[in-house]
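One structure below.
The values are calculated or read from the model by the stated rules, or taken from the named source; none is laboratory data. Remember, it's a predicted structure, so these values are computed and weren't measured experimentally. Backbone-built Cβ (ideal geometry, glycine too); neighbour counts: all protein chains shown. Ligands, DNA and RNA are excluded from the accessible area calculation, which covers all protein heavy atoms including side chains. Shrake-Rupley method; radii C 1.70, N 1.55, O 1.52, S 1.80 Å.
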Amino acid sequence: PGFRHVIIRPDFPKGLDDFKCTYESPYGPVSTSWERKGKKIILKITVPSCCTATLVKPDTTTEEIGPGATTLTL
């Protein structure tokens with residue numbers, strides 16, 4: 001069924017140092033935020049308990065994200 005699996009494909013444009021976004025899905029909020037720390041990016045993703053996500057990284061590799069909060073350094 002729709003919205004049980006989401007695809008997250010963040011963009012990190014130059015000149016923007018942080019970003020936050022939340023989408024109210026039928027199963028709860030899906031949120032992403034990121035912050036630039038020097039040459040690294042700290043990415044936070046929250047997925048509702050009954051859902052999963054696929055993160056598409058800037059280098060086009062993917063990572064499966066389970067429910068709950070996840071923090072990654074890119």
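Residues Lys40, Lys14, ordered by accessible area of protein heavy atoms at a 1.4 angstrom probe radius and largest first, appear as Lys14, Lys40.
Top to bottom by accessible area (1.4 Å), largest first, where do Ile65, Ile42, Ile7 land?
Ile7, Ile42, Ile65
Averaged per residue, what accessible area in Å² does the chain show with a 1.4 Å probe, protein chains only?
Here the per-residue accessible area is 67 Å².
Modelled spin-label separation between Lys44 and Thr73, with each label point placed 7 Å from Cα along the Cα-to-Cβ direction: 1.7 nm. Got a number for carbon plus sulfur as a percent of the chain's accessible area, 1.4 Å probe? The C+S portion of the solvent-accessible surface of the chain is 54 percent. Computed on protein heavy atoms with a 1.4 Å probe, the accessible areas place Lys57, Lys39 in the order Lys39, Lys57, largest first. Annotation for Lys14 and Glu63: the two label points, set 7 Å from Cα along the Cα-Cβ direction, are 2.5 nm apart.
Projected onto planes of every orientation and averaged, the convex hull of the alpha-carbon atoms in the chain covers 4.8 nm².
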